[in-house]
Amino acid sequence: MDLASAKVIGAGLAAIGVGAASIGVGYVFGSFLQSSLRNPAAADSQQGRLFIGFAAAELLGLMAFAVAMIILYAI
Amino acid sequence: MAAGAKIDPMHQFVIQPIAGSFEGGNPFVFTNSALWTLIVLGAITLFMLGGMRRELAPQPNFGGRWQVMVEGLIGFVDDMVGASIGPEGKKYLPWVFTSFVFLLFANLMGNMPFGLYGPAHPFTVTSQFTFTGIMSLISFAIVLGVGFWKHGLHFFSLFVPPGVHWIGKVLLFPIELISFLVRPFSLGLRPFIAMFAGHILVDIFGNFIVQGLNAGGGGIGVSILAFLFVAFINILELLVAAIQAYVFAILTALYINDAVNLH
């Protein structure tokens, strides 16, 4: 296998990580919605924490994207 | 891939000189990045000054809608800083507000769709890691400066969780240290990658529209689907632009909170 095709396969494998992060983001917003429907009065005060959890989950997907870009363009 | 058409999604991120040239390693070049930074700065200045015109008006006059917009924006960030840092947070409001408004305006203006003529094409300044990286370094410098100024060498107790057995402390210290040192990197990476990935996506699906129309037949259907998808992605991009600015601001406030009130 030459380097060019190995690169493309590697970038495609790295894209799996983005899908995994989407599960995490969905879980964060899903649990927030679930618990805020049970106690709507407390929902507004927890929005900051919601976005912190979202940022942490999303960052790992962005890392996978960065790895794919590095494999494709920087090697 | 369709014959002759080549997708080059990276071309939109190239920094091109407008005045001067890069030849001979000349660093003083007016680029499209510099131009759009100035345009963003001008838009922010106009927006803020427009809202501050009637600040000293008599009491019954609360100012127009514009002033309410500006005051709402400031109040929003002020509430967030107050909730994150506490009563001492007022001192750090200027930087948090600056980074929030700059990222918000730069992200939103980078999403503007007009690209009819070369230099008028919007350049997203936040799609370069140099920009967001420097902003996160400023945040990190504030955290370090405030931490060492207020607490001296006691600042290192940030890395040692309280109420843990000493074996646990020895194990946790390197983990906390590494997670602290990764912060400036992850803080700057987040808005950069979000803008970068979104623009690549829009570019690729925009190319699908043209290629489908060129192919004719069943390609027209692909074009219509791709057009709807591009419209949807653009709406999503507006949401992401606001969320990334908000996340940068709230994380900056939280990191400063760590330095101000150790644990």
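Observations, loosely collected:
- Rounded D (µm²/s) - the stretch B:71-182, Kirkwood Rh over Cα pairs, Stokes-Einstein at 20 °C, 1.002 mPa s: 124
- Sparsely packed chymotrypsin sites (Phe, Trp or Tyr not before Pro) within the stretch B:5-46, loop by DSSP, other Cβ within 10 Å at most 16: B:Phe22, B:Phe28
- Rounded to 10°, Cα long-axis angle of helix B:166-215 versus longest principal axis of chain B: 20
- Alpha-carbon centroid distance for the pair the stretch A:26-40 / the stretch B:185-213, whole angstrom: 29
- Size descriptor for the stretch B:158-263, Kirkwood hydrodynamic radius: 17.4 Å (Cα pairs only, one decimal).
- Rounded to the nearest 10 degrees, the inclination of helix B:93-110 to the longest alpha-carbon principal axis of chain B is 10 degrees.
- Segment B:Ser21..B:Phe148, full-extension length gain: 41.4 nm, with 0.36 nm per residue of separation and the alpha-carbon distance subtracted.
- For the stretch B:148-218, alpha-carbon Rg relative to the globular expectation (2.2 N^0.38 Å, N residues): 2.18
- Chain A - mean residue ellipticity at 222 nm from DSSP helices (-39,500 (n - 2.57) per run, n ≥ 4, rounded to 500): -28500 deg cm²/dmol
- Axis angle, to the nearest 10 degrees, between helix B:129-151 and the longest C-alpha principal axis of chain B: 10 degrees.
- Two-decimal ratio, chain B, of alpha-carbon radius of gyration to 2.2 N^0.38 Å: 1.26
- Theoretical ellipticity at 222 nm over chain B - DSSP helices of four or more residues, -39500 (n - 2.57) apiece, nearest 500: -24000 deg cm²/dmol
- Longest exposed-site-free window of chain B, the sites being trypsin sites (Lys or Arg not before Pro) in a DSSP loop that have at most 15 other C-beta atoms within 10 Å: B:55-263
- Over 32 Å [Cα-Cα, the protein assembly as shown], rounded percent: 42
- Placed amide H near B:Thr31: partners under 5 Å, 5+ positions off or other chain: B:Ile18
- For q = 0.16, 0.32 Å⁻¹, Debye-computed log10 I/I(0) when each Cα of the stretch A:11-62 counts as one equal scatterer: -0.50, -1.14
All of the numbers you see were taken from the coordinates with simple rules; none came from a lab. No experiment lies behind these values; they were computed from the predicted model shown. Ideal geometry is used to build each Cβ from the backbone, glycine not excepted, and the neighbour counts take in all protein chains shown.
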